[in-house]
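The values are calculated or read from the model by the stated rules, or taken from the named source; none is laboratory data. Bear in mind that the values here come from a model prediction, so they are computed numbers and not experimental data. So basically every Cβ, Gly included, is an ideal-geometry build from the backbone, and we count neighbours across all protein chains shown. Accessible surface is based on the protein model in full, side chains and every heavy atom, while ligands, DNA and RNA are left aside. Shrake-Rupley method; radii C 1.70, N 1.55, O 1.52, S 1.80 Å.
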Amino acid sequence: MTGTAELGVEDQAPQLVPLNAIFATDFVQILVPVTTADTMREVAAAVAHHAEGKRVRALPYEKAVFHHGRRLPPEMTVAEAGIRPLEHVRVEYDVPEGAQ
C-alpha cells in the first residue's frame with residue numbers, strides 16, 4: 001500500500017497553498033491562492049495580477065519570487081521550494097543592471 005507521504009513531491013496531486021505576498025513597491029500585502037504544482041513564474045504572475053498596473057507601475061521585465069530572503073528559480077514549483085500555506089513571498093521586477 002502506497003501512502004501520500006511516500007510519494008515524491010512531483011507525484012502528489014497539487015494542493016492549494018494560500019500565500020501572503022507583496023509585489024514590488026506595493027504597500028498592500030495580499031493573500032494569493034496558488035498550488036504546490038505552480039512554478040515561481042506562475043506565482044509571480046498571480047501576485048502581479050493584483051497590483052501591476054493598478055498600484056504599481058507595470059514594467060517590461062521578468063519577475064522574480066523571493067522566499068526567506070532567497071531568490072527562487074523560475075521553473076521551481078511551490079512544493080520544491082518548500083513554501084507552506086500562509087508563508088510570505090515577495091515578487092520583484094528582475095531589472096537588468098543599468099536599466100531604467
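Below, the figures for the structure above:
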item	result
Among residues of the range 67-77, those that are part of a loop (DSSP other than H, G, I, E, B) and either surrounded by fewer than 11 Cβ atoms within 10 Å (Cβ to Cβ) or touching a Phe, Trp or Tyr at 6+ places or on another chain (Cβ under 9 Å) (or both), counted	2
Top-ranked residue in the range 11-23 [being closer than 20 Å to D94 by Cα and out of contact with any Leu (no Cβ under 8 Å at 6 or more places or on another chain); ranked as least open to solvent (accessible area, probe 1.4 Å)]	F23
Hits in the range 78-92 - residues which are assigned to a strand (DSSP E or B) and buried (at least 21 other Cβ atoms within 10 Å of the Cβ)	V89, V91
Residue list for the range 25-67, restricted to those being within 26 Å of Q12 (Cβ to Cβ) and among the aromatic types (F, W, Y)	F66
Members of the range 40-83 that are under 19 Å from N20 (Cβ atoms) and hydroxyl-bearing (S, T, Y)	T77
Sole exception among (1) in a loop (DSSP other than H, G, I, E, B); (2) in contact with a strand residue (DSSP E or B) (Cβ under 7 Å, 6 or more places away or on another chain) for V34, by number	(1)
Scope the range 43-66; condition charged (D, E, K, R) and open to solvent by 90 Å² or more (accessible area, probe 1.4 Å); matching residues	K54, R55, R57, E62
Subset tally (residues that are free of Cβ contacts under 8 Å to residues at least 24 places away in the same chain and of a type in the set (K, R)) for the range 52-100	4
Top-ranked residue of the range 1-58 - restricted to ones that are charged (D, E, K, R) and more than 16 Å from the chain's Cα centre (by Cα), ranked as modelled with the lowest pLDDT	E10
